[in-house]
There are 2 protein chains.
Amino acid sequence: MKFCSECAHPVTVAIPEGDNRPRYVCTQCGTIHYQNPKMVIGTIPVWEQDGELKVLLCKRAIEPRYGYWTLPAGFMENEETTGQAAMRETEEEAGANVALGELFTLLNVAHVHQVHLFYLARLLDLDYEAGVESLDVQMFAEHEIPWDDLAFPTIRTTLELFFADRRKVLEGGSYGFHGRDITKPMRAPVEPD
Amino acid sequence: MKFCSECAHPVTVAIPEGDNRPRYVCTQCGTIHYQNPKMVIGTIPVWEQDGELKVLLCKRAIEPRYGYWTLPAGFMENEETTGQAAMRETEEEAGANVALGELFTLLNVAHVHQVHLFYLARLLDLDYEAGVESLDVQMFAEHEIPWDDLAFPTIRTTLELFFADRRKVLEGGSYGFHGRDITKPMRAPVEPD
């Protein structure tokens, strides 16, 4: 941020009176320009048939992480709820019709000023197709998940927690809600010996 | 928003190519100024002694809703997690030291572009005191809660859900996680006959 969005005067960085954090402030009109974390919201779309469960993943057609696999997700917009954002992103990125379930993960990614939320979701049909931000959309059983080609740590964490809870569900338990803080970058590829 | 914060040129409202929503865009430098919902994060600080549970509330010293009662809460900042934001706001507004528990409510307030999160929290001592944004801080048993003088619908909803779950806890159950969409404004005062 270089200029005040209210009066076009150059902004400076200063701690406003009564505050304790540096902010972009306008010395001409007095506006304080607060900056806050953004929410990224998506789903874990599943299809279950004859006891086999598969999860729908999208291959990213945009940066960052072009070509890597992700759960359908994106930035929450004004005027919508977290649930509506989850459904919208699933439709936009995977062309998928889902019945939305409960919130499954809340993942803090503080170093990039983001909070990621993923909802459980059940695919209503198999008429999915890649949206403009996806190169491909495919269903994966647990043993088929491209663990080394996932786009973000929050995708890996959400899928790991999902399959762990899935095992509990098969033993009569239920899916829980999981909050986690993601502090490390994506796991580096294993170095050859 | 009137001017581009990158180049100071007046912004216009337009739907960018490949997008489907109107955004503030700069026709000089091409920057698209996205606007996204903000998170408001707080706690339900409780003190339990001899089987009696009390909740700490703050009387607001700032607008909106000056003089009304709230749970300690405020806007999440960049570089912090949701849990850190909850602890910070509890300390700033109520001077209270708490042990943070699980996330209890996620409340969408789409018409004001906000998502409110409240965490369970246990007061570690009674050395609380009003911060600069509070006129007063007091502990209330359930029958003492000033229901008609609460600041926001999300405070009422969180407290109602909390005391409902509390009854389950006393019967051997546990506190759950609750997601809700708040679509109606605060309940209007009852008109006299």
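Using only Cα atoms and rounding to the nearest 10 degrees, what angle (0 to 90) does helix B:153-170 make with the longest principal axis of chain B? Value to nearest ten degrees: 40. Each label was represented as a point 7 Å from its Cα along the Cα-to-Cβ direction; for A:Gln49 and B:Leu124 these points are 5.5 nm apart. For chain A, a Gaussian network of Cα nodes joined below 10 Å ranks A:Arg166, A:Arg21, A:Arg60 by mean-square fluctuation, and the top entry is A:Arg21.
Label-point distances for A:Ile32 to the equivalent site in the other copies, using a point 7 angstrom along Cα→C-beta, read 3.1 nm when ranked shortest first. Loop-located GluC sites (Glu not before Pro) in segment A:89-172 (DSSP state other than H, G, I, E, B) with a sparse environment of at most 10 neighbouring Cβ atoms within 10 Å: A:Glu129, A:Glu171.
The value for chain B of Rg(Cα) / (2.2 N^0.38 Å) is 1.23. Gyration tensor over the Cα atoms of the protein assembly as shown: the corresponding equivalent ellipsoid has semi-axes (square roots of 5 times the eigenvalues, largest first) of 36, 31, 19 Å. With its label point put 7 Å out from Cα toward Cβ, A:Gly172 sits 1.5 nm from the same residue's point in the other copies, in order from shortest. Computed over all pairs of different Cα atoms, the Kirkwood value for the hydrodynamic radius of segment B:31-111 is 14.3 Å.
Which entries in the list B:Lys38/B:Lys59; A:Lys38/B:Lys54; A:Lys2/A:Lys59; A:Lys54/B:Lys38; A:Lys2/B:Lys38 go over 29 Å, if you measure between the two C-alpha atoms of each?
A:Lys38/B:Lys54; A:Lys2/A:Lys59; A:Lys54/B:Lys38
Here is the list for segment A:1-77: chymotrypsin sites (Phe, Trp or Tyr not before Pro) lying in DSSP coil, each with at most 16 other C-beta atoms within 10 angstrom of its C-beta, are A:Tyr34, A:Tyr66.
In a reduced charge model with +1 at each Lys and Arg Cβ and -1 at each Asp and Glu Cβ, segment B:64-114 shows a dipole moment near 260 debye about its Cα centre. Between A:Glu17, A:Glu77, A:Glu52, the GNM of chain A built on Cα springs shorter than 10 angstrom shows A:Glu17 fluctuating the most.
Per residue, what volume in Å³ does the Cα convex hull of segment B:1-48 take up?
Numbers: hull volume 5.3 nm³, N = 48.
Convex hull volume per residue, Cα atoms: 111 Å³.
Using a 10 angstrom cutoff on alpha carbons, build the Gaussian network for chain B and name the most mobile of B:Gln114, B:Gln49, B:Gln84. Highest fluctuation of the listed residues: B:Gln49. Projecting label points 7 angstrom from Cα along Cα→Cβ for B:Phe75 and A:Ala99 puts them 4.0 nm apart.
Since every read-out is calculated from the coordinates, none of them should be taken as a lab result. Computed from a prediction, not measured in an experiment: that's the story for all the values here. Here the Cβ is made from the backbone with ideal geometry for all residues, glycine too, and neighbour counts use every protein chain on show.
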